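Undergrad: Sending over a structure as structure tokens; questions will come in a sec.
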Amino acid sequence: MDPSEKDQRTDHHIITNDEKINENGEVNEAINLKDSPGRQKLRSWLNRRLWIKMTDGRILIGSFLCTDRDANIILGLCAEYLSDNLDLEARTLGLVMVPGRHIVSIHLDV
Amino acid sequence: MAETSHDQELSELCDEKPTSLQESSESWVNVTSEFFEAISELELGELLHDELFGLFEAMSAIEMMDPKMDAGMLCNRGNNKHYTFHQAALSGVIKLSNFTAAEIIGIIDSTYACIVSWLEGHNLAQTVFTNLYLHDPNPIEDRTLKMFCVTVHKIIEEIKECIIRASVYEEEDFQSVMYGGYKLQSDITEQKTIAMMREIEEDLHKKTRVKPSVDEMDDEYNDNLALYARIRFTKMFYQVLTMMGRKEQLPTNLQACQRILSNCSEMLQLMIKTINRGDKADEITDHPNVMGFDPMINQRQLPPTLPRYTKIRPRIEALVYMDDLINRFKNVTKITSYTNFHSALDFFMEFSRSSPCILSRSLLQIVYLPTPNRVFGVQNLTDVLKEAARNFIAPPVLMPKNNLLQNHQAKDCIDNFLVHCANFFSTLLQISGHNRARQRDRIAYLFENFAALQDEAERVDSYMHSLSLKSDCPRPHLACFGTWILYHTLRAMVMYLLSGFELELYSVHEYHYIFWYLYEFLYGWLVSAITRADSFIMEQDLHNEAQKSKSGKKSSKSKKRKTLPRPYYLEILMNQALQNICGGFYKALVGFQIDEKIPLPESQFDCEGVRYEHRLYPFSSLITPPPVNYKKFIEMTHHLRYRNNEKLTSEPQYLEGCRHFHQAKTVLERALELNPPQNIVNEINDLMKVVKTNFVVLKLLAGGHKKDSKEPPIFDFSSHQHFPIIKLP
């Protein structure tokens with residue numbers, strides 16, 4: 001992590017300190033800890049479409065819903081393709097969790 | 001609710017953006033390293049998600065790369081080139097003509113293995129339709145294989161229809177959905193199919209006529225024989241299914257079936273003998289290994305939440321299964337000789353006891369009631385029930401020469417009652433067609449209907465009673481229909497409690513009140529209901545005689561009848577024996593409790609009262625017999641354990657138990673002397689073994705054997721599904 005990023009982080013501490021409460025009535029921890037730039041970035045990607053290549057070569061495309069420290073990713077409305085060539089029929093999977101250790105690459109739809 | 005709104009939101013979100021990468025290939029940006037960097041800032045266990053996304057939703061996600069959940073994973077293993085039927089045929093991966101006999105035999109046997117696996121609860125796409133030849137039989141040039149495939153389509157259609165019609169299946173029994181959009185051949189009619197199969201069969205038969213003169217082991221001869229047996233069996237199996245499934249002329253069809261079924265068995269024996277003629281028959285694999293089968297062909301067509309891995313039965317096991325299936329069919333056809341409703345009901349219950357497969361269970365249903373309320377399609381269920389009630393307890397109103405029914409109101413009343421009975425009893429028959437675990441579930445819900453029917457029966461009785469007393473020959477009519485319905489209620493209650501043993505639902509420390517309830521109430525009530533019916537019948541006989549003598553026809557016949565044994569003697573004896581057996585168990589269990597031989601749950605987590613009420617909860621909707629609550633149970637059983645607040649010893653309990661088992665033995669012996677039918681003889685022999693052993697064990701215990709040992713006794717259900725043999729470790 002370079003020093004400029006660290007600066008950003010301290011800046012960030014000052015800017016956001018509002019507390020949000022999630023649907024369960026618990027204080028949202030992530031926000032309580034004051035969003036770091038990484039969190040901010042991830043948060044900005046939420047609900048956007050991700051293209052994930054898995055270790056066995058399959059491609060999963062779905063909406064990014066959730067992740068954790070081990071890069072386990074939950075995708076909503078997910079479709080599975082057998083290869084990069086998306087001409088082949090997709091298989092609809094719905095909600096899936098991709099374990100981080102099986103992820104080869106991640107693309108973001110911009 | 002949150003989930004659906006969330007989904008909607010997501011789908012809206014996705015609609016905005018192109019779904020295919022092709023259209024938007026430029027817009028994807030690689031964020032792999034950025035992503036992995038970003039997540040490293042997260043804490044252990046911290047989840048980053050939208051406010052609308054909760055852990056609840058996360059739970060239902062399919063985990064990728066988990067072999068149990070991820071069906072797509074298997075597709076990518078090894079050779080991932082999957083040919084469709086036409087691709088395979090074009091590229092020469094599968095033949096369409098010039099098959100060797102071994103190849104066809106292999107394909108046929110493997111197809112049966114798939115059918116059997118389907119019947120055991122797997123879905124069609126992962127079993128039968130992994131056979132590429134079945135995807136489109138028309139281009140197959142080999143006549144034998146083509147017609148076999150066409151007939152398999154017909155067979156599957158017939159089986160599906162029959163199971164769905166009987167509707168005694170649950171998801172664990174049968175998968176009716178077909179994934180992959182296959183169509184079953186329907187352009188060839190039943191007659192044509194059978195005629196064409198017969199033609200092939202005859203050709204093969206001719207070839208087998210030329211017996212090899214010198215060498216018995218002639219290969220060609222054996223191949224032809226093997227093929228002949230398979231084609232003939234397939235044809236007959238299809239015939240049997242169509243005949244048993246037909247709604248018209250059922251009794252004659254069933255007679256024809258019995259003959260065809262015994263031919264089926266013969267052919268199956270031949271098939272089993274020649275199983276090694278098939279290609280690669282000696283290899284053991286999880287899935288057919290012969291040409292034309294691809295276990296993965298439909299994998300990508302399956303919905304994401306399906307059981308993943310389907311292991312197909314080995315060919316030999318499948319053929320043995322088919323042989324058992326044919327035997328079950330033979331058993332089903334025997335139902336035609338049970339014209340009396342009570343014996344038919346017993347037949348249904350007896351049939352279910354061996355946990356038969358879904359297909360035979362369904363067939364029994366549709367054979368007995370091919371159309372609602374028409375027994376064998378020829379007799380009204382209401383008439384059959386009227387006959388059953390008449391035979392059971394001879395209600396005066398149903399007897400010939402009774403003029404109560406000339407009263408319109410009385411007739412309407414009886415007719416209505418019988419219609420309600422018909423609805424109720426057809427439900428009962430249907431329940432007995434379900435698998436054993438589901439039966440218990442459904443019976444629990446049935447008690448409310450029992451209560452309503454009992455109530456109606458009693459009202460009909462008292463109405464008939466009041467009419468009867470006003471008529472020319474007044475006869476009491478109380479508790480006729482009431483007893484009849486009560487009898488069935490009690491039997492269902494006994495069945496419900498006993499099924500808990502069979503399904504291994506009860507813990508040992510619960511046994512005592514289950515046996516207590518059976519011993520103290522249910523069997524006692526049952527015996528008294530049957531006894532009442534018995535005396536009603538005798539009374540009716542006397543009445544008939546009196547009538548006859550009045551009309552001056554003193555026949556010797558009526559005198560002979562008197563010497564006949566009481567009609568319910570055997571049933572009374574059996575129930576008395578069972579009552580004693582339950583009593584024996586109950587006393588033994590109290591003894592064990594006094595000796596602290598039965599481990600109890602940790603007292604802070606346990607409440608016997610709650611457990612008791614839960615076990616007997618379904619009975620609470622009944623009025624007769626009145627449900628006995630836990631408080632009553634404690635009141636009634638306290639004296640066995642304590643007297644004047646002093647703890648009693650276990651010996652008297654064991655001795656009591658001994659006495660019960662001894663009594664049961666005597667009663668069973670008496671029952672055996674009545675020459676009961678074979679199935680009851682078997683039942684008596686099974687019970688006898690339990691009774692004799694337990695008698696000895698309790699005798700030892702009463703003598704102080706292993707008195708100080710706290711080792712819990714073992715209850716061994718291997719001799720009887722409901723009544724265990726007690727063993728002391």
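Undergrad: When you look at the Cβ of every residue in B:297-303, what mean number of other chain Cβ atoms sits within 10 Å?
TA: Average per residue, whole number: 2.
Undergrad: Assuming a viscosity of 1.002 mPa s and a temperature of 20 °C, what translational diffusion coefficient in µm² per second does Stokes-Einstein assign to the range A:34-110, Rh being the Kirkwood radius over Cα pairs?
TA: 169
Undergrad: Can you tell me the Rg and the Dmax, both Å, for the Cα atoms in the range B:22-171?
TA: 23.8, 68
Undergrad: Using a Förster distance of 60 Å, how high is the FRET efficiency between B:S355 and A:R43, based on the Cβ-Cβ distance and rounded to 0.05?
TA: Using R0 = 60 Å, I get an efficiency of 0.60.
Undergrad: Which distance in nm do the two modelled labels at B:E539 and B:D412 give, with both placed 7 Å along the Cα-to-Cβ direction?
TA: Here the modelled spin labels are 2.8 nm apart.
Undergrad: Show me the ranking of peptides B:223-236, B:429-442, B:633-646 by mean Cβ neighbours inside 10 Å, starting with the highest.
TA: In decreasing order of mean packing, B:223-236, B:429-442, B:633-646 become B:223-236, B:429-442, B:633-646.
Undergrad: On a full-extension model of 0.36 nm per residue, what is the gain between B:D324 and B:A256, subtracting their alpha-carbon distance, rounded to one decimal in nm?
TA: 22.5 nm
Undergrad: Along each of its three principal axes, how wide is the spread of alpha-carbon positions in the protein assembly as shown, in whole angstrom units, largest first?
TA: Largest to smallest, the principal-axis extents are 116, 88, 65 Å.
Undergrad: Please give the length that would be gained between B:I316 and B:D203 if that part of the chain were fully extended, namely 0.36 nm times their separation in residues minus their C-alpha to C-alpha distance (nm, one decimal).
TA: So the chain would gain 38.1 nm between B:I316 and B:D203.
Undergrad: For the range B:182-314, take the convex hull of the Cα atoms, compute a quarter of its surface area, and give me that in nm², please.
TA: 11.5
Undergrad: Here's something else I'd like to know. Report the full-extension gain for the segment B:S27 to B:K631: residue separation times 0.36 nm, less the Cα-Cα distance, to one decimal in nm.
TA: Value of the extension gain: 210.1 nm.
Undergrad: Something else about it: What accessible area per residue comes out for the protein assembly as shown, rounded to a whole number of Å², with a 1.4 Å probe?
TA: Value returned for the protein assembly as shown: 47 Å² of accessible area per residue.
Undergrad: At 222 nm, what helix-only mean residue ellipticity would chain B give, in deg cm²/dmol to the nearest 500, using -39500 (n - 2.57) for each DSSP H run of four or more?
TA: -19500 deg cm²/dmol
Undergrad: With bins 5 Å wide starting at 0, give me the P(r) of the range B:600-640 over every alpha carbon pair, in whole percents.
TA: 5, 20, 24, 23, 17, 7, 3, 0
Undergrad: Ratio of the range B:615-726's C-alpha Rg to 2.2 N^0.38 Å, to two decimals?
TA: 1.34
Undergrad: Using mean Cβ contacts within 10 Å as the protection proxy, how do B:353-365, B:693-705, B:483-495 order, highest first?
TA: Sorting B:353-365, B:693-705, B:483-495 by mean packing, highest first, produces B:483-495, B:353-365, B:693-705.
Undergrad: Another question, if that's okay. Too long at a 25 Å Cα-Cα cut-off: which of B:K647/B:K706; B:K146/B:K330; B:K235/B:K273; B:K247/B:K386?
TA: With Cα atoms farther than 25 Å apart: B:K146/B:K330.
Undergrad: Report the net charge of residues surrounding B:M197, where surrounding means a beta-carbon distance below 13 angstrom and charges are Lys +1, Arg +1, Asp -1, Glu -1.
TA: Once all neighbours under 13 Å are counted, the net charge is +3.
Undergrad: With label points built 7 Å along Cα→Cβ from the Cα atoms of B:E51 and B:I714, find their separation and express it in nm.
TA: Here the modelled spin labels are 6.3 nm apart.
Undergrad: Quantify, in whole percent, the carbon and sulfur part of the accessible surface of the range B:95-145 (1.4 Å probe; protein heavy atoms only).
TA: 44
Undergrad: Shielding by partners for B:60-73, please: the mean number of other protein chain Cβ atoms within 10 Å of each residue's Cβ.
TA: That works out to 6 on average.
Undergrad: Give me the base-10 log of I(q)/I(0) for the range B:338-431 at each q in 0.14, 0.23 Å⁻¹, Debye formula, one uniform scatterer per Cα, rounded to two decimals.
TA: At q = 0.14, 0.23 Å⁻¹ the computed log10 ratios are -0.56, -1.20.
Undergrad: Next up: Report, in cubic angstrom per residue, the convex hull volume of the C-alpha atoms of the range B:428-502.
TA: 79
Undergrad: Counting only other chains, what is the mean number of Cβ atoms within 10 angstrom of the Cβ of each residue in peptide B:252-259?
TA: Counting Cβ atoms of other protein chains within 10 Å of each residue's Cβ and averaging gives 0.
Undergrad: Something else about it: Using only the Cα atoms, what convex hull volume per residue in Å³ does chain B have?
TA: 282
Undergrad: I've got another one for you. Using only protein heavy atoms and a 1.4 Å probe, how much accessible area in total is buried between A and B, to the nearest 100 Å²?
TA: 5600
Undergrad: Using a 7 Å offset from Cα along Cα-Cβ at B:Q721, what residues in the range B:499-521 end up with backbone N under 14 Å from the label point?
TA: Under 14 Å, as judged by backbone N against the label point of B:Q721, lie B:499-505 of the range B:499-521.
Undergrad: So for the pair B:I284, B:N380, with labels modelled 7 Å out along Cα→Cβ, what separation do we get in nm?
TA: Simple spin-label model gives 6.0 nm for this pair.
The values are calculated or read from the model by the stated rules, or taken from the named source; none is laboratory data. Because the structure is a prediction, the values reported are computed rather than measured. All Cβ positions, even for glycine, are placed from backbone atoms using ideal geometry, and neighbour counts span all protein chains on display. Surface accessibility is based on the protein's heavy atoms, side chains included, excluding ligands, DNA and RNA. Shrake-Rupley method; radii C 1.70, N 1.55, O 1.52, S 1.80 Å.
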